[in-house]
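See below for the structure under consideration.
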Amino acid sequence: MTDTASSGSVRSFADLPNLYKQLTATPEFERAFGDPIPLSIIEPGEEPGEHDMPDPLAVQADCGAIIATLFDLFVDTRLEPLAAEVAWGFVNSFHFTAQKLERREQALADELGDLARRPDLSEVYNREMEEKQLLCQSIAEHREAMEVCRDYAAEMYRVQTGWPWSQARGSRASKASTATQVAIQDYLHQRELDQRDRYLPRGPLVVASGHAQWHDWQPIWDRLDTIHARIPTMTVVTTAQRKGFDAIVAAWCASRNVPLLAYGLVGGGRRAPFLRNRKLAELNPVEAVLGEGSGIQANLYQTLRQAGVPIHAFRKADQAPIERVGRPGGQSLRRAA
């Protein structure tokens with residue numbers, strides 16, 4: 001027997017931590033799946049019942065296994081470049097479902113608020129309140145389960161591709177998530193309405209933006225760590241690109257649990273990127289981490305510099321070369337030594 005972990009046996013006390021880790025789910029899965037509410041409602045109109053949740057460890061293992069299997073399916077074939085797109089869609093399915101549940105949860109919460117403002121001592125009123133509250137709690141439980149699955153599958157996607165997963169549009173915000181990604185339209189809207197706290201990133205803003213073809217992540221992470229040590233309550237704002245410099249920043253935010261605002265382009269036309277750059281400066285950021293890029297990126301540098309924002313600049317020429325390295329289930333990118 002050469003592999004203690006895979007065999008599940010213990011030869012010494014030193015083997016116990018690895019075996020225990022193998023046989024237990026992470027705290028996020030234990031919280032979402034391991035302690036369900038006593039009664040729940042699966043669909044509106046149904047009677048409350050004692051419905052089981054999936055086993056936390058089984059859900060976590062299957063989420064990771066599905067992503068790995070998708071890459072194994074196409075590896076060393078002409079379809080290998082499509083593996084990342086298929087895996088992205090799998091992660092996004094969890095995100096899409098979580099968003100639908102969140103909208104239903106919010107609608108029910110609004111209905112409960114309306115009922116609470118119109119108190120009634122009748123039995124019918126009390127029963128309606130109890131049913132709506134239980135349904136809202138059930139949907140919230142379902143939403144958190146989907147968010148936990150999404151976040152874990154997204155981490156598996158990052159391991160397989162070397163890039164963090166990010167949604168195509170809209171918001172990503174969950175108490176189970178390691179980070180909060182919020183589209184700037186949602187951020188401004190929620191700030192005006194002063195609603196749910198988890199959609200209201202607070203603290204000094206740090207702008208981070210660079211070229212879509214950027215692979216050298218370590219210097220960026222090191223610089224962000226330095227800034228974070230000085231500004232622990234910082235919120236990062238990127239220009240919402242799903243790869244390159246912005247994706248590296250998004251991965252750092254996820255690993256450090258730092259709120260992230262993805263400020264995409266609003267509207268069309270040639271001036272849209274430059275208007276976006278001006279809006280970024282109007283957010284009054286305290287610092288900026290910028291990578292060399294196109295003329296639009298140069299304009300952002302000049303705009304922030306004129307606004308008096310301290311800038312940490314990186315040149316593309318400073319990047320180390322990359323090489324492809326093999327691994328079970330696919331390939332990844334790393335910096336050459």
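If you go through region 213-255 and keep only what is assigned to a helix (DSSP H, G or I), among the basic types (K, R) and out of contact with any His (no Cβ under 6 Å at 6 or more places or on another chain), you end up with just R230. A Cβ distance below 7 Å, combined with a sequence gap of six or more or placement on separate chains, defines the contacts here; from region 18-43, residues that are outside any strand (DSSP E or B) reach residues that are at pLDDT below 85 and loosely packed, with under 14 Cβ neighbours inside 10 Å in the pairs N18/A5; L19/A5; L19/G8; L19/V10; Q22/A5; L39/G49. Remark: R305 falls outside the filter, which requires a residue to be farther than 12 Å from T238 by Cα and within 27 Å of the chain's Cα centre (by Cα).
Results for (1) in the same structural domain as K243 (by TED's automatic domain parsing); (2) at pLDDT 85 or above; (3) surrounded by 14 or more Cβ atoms within 10 Å (Cβ to Cβ), shown as yes or no for each residue.
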residue: W88; (1), (2), (3): no, yes, yes
residue: Q99; (1), (2), (3): no, yes, yes
residue: D110; (1), (2), (3): no, no, no
residue: L115; (1), (2), (3): no, no, yes
residue: D120; (1), (2), (3): no, no, no
residue: E128; (1), (2), (3): no, no, yes
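In the condition set (1) more than 22 Å from I41 (Cα to Cα); (2) surrounded by fewer than 20 Cβ atoms within 10 Å (Cβ to Cβ); (3) within 29 Å of the chain's Cα centre (by Cα), Y157 is compliant with all but (2). Name the residue that is surrounded by the most Cβ atoms within 10 Å (Cβ to Cβ), counting only residues in region 59-86 that are of a type outside the set (S, T, Y) and not in a helix (DSSP H, G or I). Out of the qualifying residues, it is V75.
The values are calculated or read from the model by the stated rules, or taken from the named source; none is laboratory data. Treat the numbers as computed from the prediction; the structure is a model and nothing was measured. Here Cβ is always computed from backbone atoms with ideal geometry, including for glycine, and neighbour counts include all displayed protein chains.
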